[in-house]
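In what follows, a single structure is set out as structure tokens and then discussed.
The values are calculated or read from the model by the stated rules, or taken from the named source; none is laboratory data. Nothing here was measured: the structure is a model prediction, and the numbers come from that model. Quick reminder, even Gly has a Cβ in these numbers, built from the backbone with ideal geometry, and neighbours come from all protein chains shown.
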Amino acid sequence: MKSEVRSPKSEQTTLVCFALKEEAVSFQRLAAAHPEIHILTTGIGRKNAERSLRDFLADNSPKSVFTCGFAGGLNPELALGTVTFKTADALIGERLAAAGAKPAKFYCASRIATTVAEKKKLRAETGADAVEMESEAIHAVCRERGIPCATVRVITDTANEDLPLDFNQLAGPDLSLDYGKLALAVAKSPGKTGALLRLQKQTRFAAERLAGVLAKVIWLA
């Protein structure tokens with residue numbers, strides 16, 4: 001999986017991981033003037049995240065790692081654009097809370113939760129507030145290395161919201177979105193176009209909210 005490494009090896013750098021470039025783009029603009037920040041695009045899912053992180057750590061020693069990106073809401077109280085976090089590092093947790101992020105319990109899933117019914121089921125079974133697909137693996141690797149780690153995720157679809165398509169069926173072997181399959185799905189269901197455009201707008205808004213919180217926290221870390 002292709003990754004972006006923007007500064008040389010240093011124990012004073014901070015690593016910020018995103019599964020997708022769409023999740024990272026707003027933060028990348030803010031981080032452009034900060035060479036002490038590494039941005040790593042891991043790919044979707046635990047296996048891709050673990051492999052990408054281990055490859056990175058073979059040649060780099062960051063002082064802290066943030067696993068960031070989008071999350072689906074499971075807790076009905078979490079609105080679109082809410083930035084949530086989990087960390088065992090007290091100082092990072094304090095900074096995240098001061099920046100407006102809310103502490104949350106995450107469930108690291110093997111598939112995208114696309115319907116309200118699926119989200120309700122996950123909420124009942126796990127007690128989690130939000131669902132994502134990479135952080136569990138990233139935290140495990142960081143614990144091995146003794147590196148402080150934090151999950152920071154922004155809600156892009158709420159607990160009471162169905163996604164317009166089942167994106168699990170539109171994924172390629174590496175779990176990334178297959179745009180050919182997406183185009184075919186839209187052609188078969190043109191009525192979904194409006195909902196897809198709304199979702200695109202929501203994710204852009206959420207990415208900007210996430211970037212703002214990360215900037216406040218990481219520049220101080």
Q) Looking at (1) surrounded by fewer than 14 Cβ atoms within 10 Å (Cβ to Cβ); (2) part of a strand (DSSP E or B), which is the only condition Leu184 fails? A) (2)
Q) Could you say whether any residue in the range 134-143 is out of contact with any helix residue (DSSP H, G or I) (no Cβ under 8 Å at 6 or more places or on another chain) and surrounded by fewer than 18 Cβ atoms within 10 Å (Cβ to Cβ)? A) yes
(Q) Which residue is farthest from Thr41 (Cα to Cα), if the candidates are limited to the range 119-139 and must be outside any helix (DSSP H, G or I) and under 13 Å from the mean Cα position of the chain (by Cα)? (A) Ala130
Q) Regarding Glu94, is this residue of a type in the set (D, E, K, R), in contact with a Cys (Cβ under 7 Å, 6 or more places away or on another chain) and either buried (at least 21 other Cβ atoms within 10 Å of the Cβ) or modelled with pLDDT of 95 or more (or both)? A) no
Q | Extreme residue, nearest to Phe167 (Cα to Cα), among residues of the range 33-91 that are crowded, with 17+ Cβ neighbours inside 10 Å and without any contact (Cβ under 8 Å) to a residue 40 or more places away in the chain | A | Leu40
Q: Return the total of residues in the range 22-32 being exposed (fewer than 14 other Cβ atoms within 10 Å of the Cβ) and closer than 15 Å to Gly69 by Cβ.
A: 0
Q) Which residues, counting only those in the range 150-181, are over 17 Å from the mean Cα position of the chain (by Cα), in a helix (DSSP H, G or I) and closer than 20 Å to Ala24 by Cβ? A) Tyr179
